[in-house]
Amino acid sequence: MSKKIGECITRFSWTGVGWICGTLTLLLAGCLGVSLVYANGFDQRVIPGVTIAETPIGGMHRDELKDFLHSMNDRLVEAGASVQIDTNNGDTSFTLYPVIVTDGGSVDLFSIDVEKEVDALVHIGKRGDIFTRMHNIFKSKFNGYNTSLQYVSANKEKIDEVVDEFLVAYETPPKNAQIRLSDSSSFAYDIEPEQIGYVYDRGDMTNHILEAWSKLQVPEPIVLSRETHVPEIVVKDLEPLQEQLQEVFDLGDMALTHTNPQTGKPQSWSIEKEQLADWVSTEMVDGGTVIVSLDREKVAAHVADIVAPDINITPLDAKFSMTEEGKVTQFQQSRPGVEVDVEQTTEALVQAFGQRSLHKEGIQNIITVITTQKEPQVSTGQSNDLGIKEIIGVGKSSYSGSPTNRIKNITNAVNKLNGILIPPGEEFSTIDFTKPYSEEGGYLSELVIKGDEIKPEIGGGLCQIGTTLFRMAMMSGMEITERRNHSLVVGYYNDARNGLPGTDATIYDPAPDFRFKNDTSHHVLIQAAMDTKNQDLVFTLWGAGDGRTATYSKPEVLQWIPHGETRIVETTKIAPGERECQHAFKGANTSFTYSRTLANGVVEDIVYESHYRPLPEICLVGIEEGENAEEEETLEPTGETELIEGVDPNNPFGGLEL
């Protein structure tokens, strides 16, 4: 009996356990297989459950996410950021919009680096082995995962410029009590009493906007508080100085001196007592002592306008050209430049004069002008041993229809670039070789809409240079190290082969720049020319062929984006009823491929995808002073971000292996 029971138990145990284990193994294998397939399905997608603040992006494919972020960037730019201030006449407000510049381009005050954001968001939870990734995916799917954008940037220089231009009419900087000499011979003077100042605290305005953008939200209106600023120096502080005036001026005239480093010739600029009297100011130094000083702004203007022009020497790059016999010849010697350091020279002069109130002996009346030497970017060398013998690439663009100032700017840049030599392994920067972008640098301005005013902007036509260089570099098979497309579709830069946008390159000091690297083993030479008959800009790159070949495809427009309704900006800066408009730009998403085959047979295909945002027609309409401007339609703020349970807002990536 016991033997039969044992046999039954044995048969039941082995058979049952086998079936159970087999079934569990199959189930586990199936679940694992399904999980692996599920996890691998997110290779080019955002894992499920991911949100940017209240906006779900989980499951989005890389391409879908890119289009979505471009669209959100466009909407946030279009909405701008509202800034409110309290004035003596009640509240007023203005909106930070993109700054429209020449060439139909724009410089955005805030922007999202979409490419970097897409890479970061798609890679959330993807680090580690497959099991770690599976864990992250399911944890995010069921618990949620809240994050924010990491690559939102602000153009602080332009933001400050726009805000300052608006607030200048409402701010009164504090003024110290001052002594003003009315007669330097008799030392007759007037006392200007101090003045309390009222200025607006910019505070965390920029960070406030960046934080909202990082959550894909329109910023809540920013309220700038008005602060009272008390001057440092009051009338009572000037009483001891009134007796010092004659002693200070009895110490004589002053002078600035400089010795030309190239000729050894000394130069001198006398600053007589009458001039010093016109500059007289007061200053509080360490320890709270008030002294007779000089107005730094007036001194700096004198140094910049009177002294610097006699000293400054623009550096010259060595320039080369090709002879009819195919040899490289130098047509311009390199020369180092000299530039007056206006700020340091001003400070040296002011400090020397200030010592007159503190000491009776050892006073310095002769000040040496402080300068810096500017080295040329291309130095003179052996022109016949560079190995340059043939054309390796040509780039073209049309400037047909350009206004006079634009053509003059293009001509100026062409003169700067023509004959530039680039050594092997060196990176070429368009900005470095075409700046400074000023009237002193040979550039002219154009009138453009900036906020609620028509103002001049220097440098129209420079993006024609960047675009043509880009095409030349591609046709030459060079390594492109930096290129950004324009933010708007500009007709000048459409590809001549099909009339579509996509093969352009924008530049704007200090960024973005267009750069390429001479990755050949020989020097290359840029020849720049303007075909005035056909109104084409032509850049030719000379060098030594190493067997590489290169081309780029015609651009393809993947999507046209409508520009929307006209935006009306009411302003008192132009005559009532007058209307000034910046024309509309439709947006686009484009693509083209740059292909190059190197001498070693390696083939490189680089796809350039460009997004051009739409911009409606912007019209300034003049209104009477005191007339209320109509509010413009903008996106509504979405409010505060709702935290997802289990997600640390201070460490949104916590818990996941990135």
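Throughout, read-outs are computed from the coordinates displayed, never taken from laboratory work. Every value quoted in this text rests on a predicted model; they were computed, and no experiment measured them. Reconstructed Cβ throughout: ideal geometry from the backbone, glycine too, with neighbour counts over all protein chains shown.
Computed from the C-beta positions of Gln262 and Ala301 and an R0 of 22 Å, the FRET efficiency is 0.25 to the nearest 0.05.
Per the Debye formula on identical point scatterers at the alpha carbon atoms of segment 542-586, with no solvent, log10 I(q)/I(0) at q = 0.27, 0.30, 0.31 Å⁻¹ is -1.08, -1.17, -1.19.
Tell me the Kirkwood hydrodynamic radius of segment 386-622 in angstroms, computed as one over the mean inverse distance between distinct C-alpha pairs. Don't skip to the answer; put the middle values down first.
Details: mean 1/r = 0.0526 Å⁻¹.
Every distinct Cα pair counted, the radius reaches 19.0 Å.
Stretching the chain fully between Arg180 and Thr132 yields a gain of 9.7 nm (0.36 nm per residue, less the alpha carbon separation). On the beta carbon distance between Ala120 and Ala529, with R0 = 56 Å, the FRET formula returns roughly 0.80. A cut-off under 14 angstrom between Cβ atoms defines the neighbours of Trp560, and their net charge, with Lys, Arg +1 and Asp, Glu -1, is -1. Taking 0.36 nm per residue of separation and subtracting the Cα-Cα distance, full extension of the segment from Thr481 to Val602 would add 41.7 nm. Among Cys463, Cys581, the ranking by other beta carbons within 10 Å of each residue's beta carbon, starting with the fewest, stands as Cys581, Cys463. Were the residues from Asp160 through Cys581 laid out at 0.36 nm apart, the gain over their Cα-Cα distance would be 149.1 nm.
The percentage of C-alpha pairs in segment 473-522 whose separation is greater than 12 Å is 67%.
Please list, in order, the residues from segment 348-369 whose amide nitrogen is less than 17 Å from a point placed 7 Å along the Cα→Cβ vector of Glu232. Counting only backbone N, you get 348-358. Remark: for residue pairs Lys416/Lys455; Lys396/Lys416; Lys298/Lys319; Lys533/Lys586; Lys126/Lys158, the C-alpha separation exceeds 29 Å in Lys298/Lys319; Lys533/Lys586; Lys126/Lys158.
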